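All of the numbers you see were taken from the coordinates with simple rules; none came from a lab. The structure presented is a predicted model; accordingly, all values stated were derived computationally and were not measured. Because the Cβ atoms are built from the backbone with ideal geometry, glycine has one as well, and the counts that use them run over all protein chains shown.
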Amino acid sequence: MPYDVQLVANYVLDNADCDARYEDDCFCVEVCDVRWYVERKKRHFVLHVGETTLRLPRC
């Protein structure tokens, strides 16, 4: 895999619910030169990169 899923998961969990830059329910983040599209759902995040989609439980 050309990207670090754990790194982006940590970034989203640490920042998405507490940083005003990510107050929308859909936003993009760039981690290690890879752009991720993130959807905030009630109980999880959906992370999209290329053709890959991952579900990340919210804490």
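Here are the numbers for this structure:
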{"item": "Cβ charges +1 (Lys, Arg) and -1 (Asp, Glu), total dipole of the chain, debye", "result": "340 debye"}
{"item": "Projected label distance in nm at residue 44 and residue 20, using a 7 Å step from Cα toward the beta-carbon", "result": "3.2 nm"}
{"item": "Label point distance in nm, residue 27-residue 55, each placed 7 Å from Cα along Cα→Cβ", "result": "2.3 nm"}
{"item": "Tilt relative to the chain, helix 5-15 - C-alpha long axis, 0 to 90 degrees, to 10", "result": "20 degrees"}
{"item": "Among 57, 15, 3 the positive-end extreme of the charge dipole of the chain (Cβ point charges)", "result": "57"}
